[in-house]
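The values are calculated or read from the model by the stated rules, or taken from the named source; none is laboratory data. Note that the structure is a prediction, hence the values are computed from the model and not measured. Glycine gets a Cβ as well: all are built from the backbone with ideal geometry, and neighbour counts include every protein chain shown.
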C-alpha cells in the first residue's frame, strides 16, 4: 500500500507539479531510502503509520554515518513534500515532519571567477579553429552573459533567440519562461556561429550541437566548461553553475539592482538571490581594509 502512495506521489510531482526527471528521481531515491530504514526499525513498515521519533532516528543515523547536513536537509525536504501530499489527500491525520528541526548547515558563499580571469578566458585562451572552437567560446560567453542553468542552455534552440530585439527566451524551472537581454557583440557572434553551423551542414535546431548534428548532452557541457575554466582559474569548482554565480556576482558588484538580478536568474524568491550580496560585501570589506587609514591594515 505504501509503495502505491509513494508511486502516486512521484507521478504527482512529475506530471502535476511538472518537476524535472532529475528532481523527481532525487525525491524517489530519498523516500525509498527512508522506507528501507523504516523496514529495519519497525515491525510495521507502512509509511502512513510512522511518527516524528522515527524521522529523528533516521536523521541521527544519517549524520552519524557522515552524511552532510545539507544533504540531510534535502532528504528531509523530500519527506516533507511527501507527507504534505498524504495530508492533503486525507491519507494521514498528522504530519510526522512537523516536530522535526533540520540540522544547521554552514553558510557557503557562491564560488565565482573574478573579472580579470573572465577577460583572460575570452581574450587570452586559444580555442580550436573552425566550428568546435567557435561553438565552445560562444557557449561559455552565453553562460557568462546570461547566467543560464546548464539544462536551460541545453534546451535552447535557434527559435529561442530574437536577434532583432537582442533577447533570449529561456524555459526555466517548472516551465516558467523568462526573457534575458543579450549584447550587440553576442548577437554578432551568434550570427557568425550560425553561418559556420550551416556551412558544416548541421541542421539540428538545437543551438549547441556536435559535429554529428546531435544536441550537446549535460555531461559534454560540464566537461567543456571545466576544460576551459581550468586554464584561467585554480578554483576547486569549475562547473557551468560557477559561471552562473559569476554572472550574478559581477552584476551586483557593478551596481545592478538585486530585483533585476533575481528576474534574470529566474529565482522564485529574493532570498535565493541575496546570497550573492555576501560576495559584494566581502569585496567592499577588502576595499575598505586596503584603502581606509583607520582600517587596521
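Once the range 60-93 is narrowed to residues that are over 27 Å from the mean Cα position of the chain (by Cα) and part of a loop (DSSP other than H, G, I, E, B), the residue that is nearest to residue 226 (Cα to Cα) is 89.
Residue 96 passes every criterion in (1) in contact with a helix residue (DSSP H, G or I) (Cβ under 7 Å, 6 or more places away or on another chain); (2) assigned to a helix (DSSP H, G or I); (3) crowded, with 16+ Cβ neighbours inside 10 Å apart from (2).
Residues of the range 125-146 that are closer than 17 Å to residue 235 by Cβ and part of a loop (DSSP other than H, G, I, E, B): 125 alone.
A residue that is more than 17 Å from residue 247 (Cα to Cα), surrounded by 18 or more Cβ atoms within 10 Å (Cβ to Cβ) and assigned by TED's automatic domain parsing to the domain that holds residue 256 cannot be found anywhere in the range 175-188. Here residue 134 fulfils each of the conditions (1) over 26 Å from residue 274 (Cα atoms); (2) modelled with pLDDT under 95 apart from (2). Cβ-Cβ contacts under 9 Å between residues 6 or more apart (or on different chains), taken from a first residue in the range 1-23 that is at pLDDT below 85 to a second residue that is not in a helix (DSSP H, G or I), are listed as 1/46; 2/45; 2/46. Inside the range 98-114, residues that are modelled with pLDDT of 90 or more and more than 21 Å from the chain's Cα centre (by Cα) make up a count of 1. For residue 200, the criteria (1) in contact with a helix residue (DSSP H, G or I) (Cβ under 7 Å, 6 or more places away or on another chain); (2) crowded, with 16+ Cβ neighbours inside 10 Å; (3) farther than 27 Å from residue 251 by Cβ hold in every case but one, which is (2).
Whenever a residue of the range 24-35 is assigned by TED's automatic domain parsing to the domain that holds residue 57, its partners that are surrounded by fewer than 17 Cβ atoms within 10 Å (Cβ to Cβ) and not in a helix (DSSP H, G or I), lying with C-beta atoms within less than 9 angstrom and at least six residues away or across chains, give the pairs 24/17; 35/45. Under the condition of being closer than 19 Å to residue 119 by Cβ and either part of a helix (DSSP H, G or I) or not assigned by TED's automatic domain parsing to the domain that holds residue 155 (or both), the residues counted in the range 216-239 number 4. In the condition set (1) in a helix (DSSP H, G or I); (2) modelled with pLDDT under 95, residue 186 is compliant with all but (2).
Go through the residues of the range 40-47 one by one and say whether even a single one is under 15 Å from residue 83 (Cβ atoms) and out of contact with any strand residue (DSSP E or B) (no Cβ under 7 Å at 6 or more places or on another chain). Taking every residue of the range 40-47 in turn, at least one turns out to be under 15 Å from residue 83 (Cβ atoms) and out of contact with any strand residue (DSSP E or B) (no Cβ under 7 Å at 6 or more places or on another chain). Is there a residue being at pLDDT below 95, assigned by TED's automatic domain parsing to the domain that holds residue 273 and part of a helix (DSSP H, G or I) anywhere in the range 157-174? Yes, because at least one residue in the range 157-174 is at pLDDT below 95, assigned by TED's automatic domain parsing to the domain that holds residue 273 and part of a helix (DSSP H, G or I). Checking each residue in the range 78-105 for being at negative phi and either touching a strand residue (DSSP E or B) at 6+ places or on another chain (Cβ under 7 Å) or free of Cβ contacts under 8 Å to residues at least 24 places away in the same chain (or both) picks out 80, 83, 84, 87, 88, 89, 93, 94, 95, 101.
What do you reckon, is residue 212 in contact with a helix residue (DSSP H, G or I) (Cβ under 8 Å, 6 or more places away or on another chain), assigned by TED's automatic domain parsing to the domain that holds residue 261 and not in a helix (DSSP H, G or I)? When the stated conditions are applied, residue 212 does not pass them.
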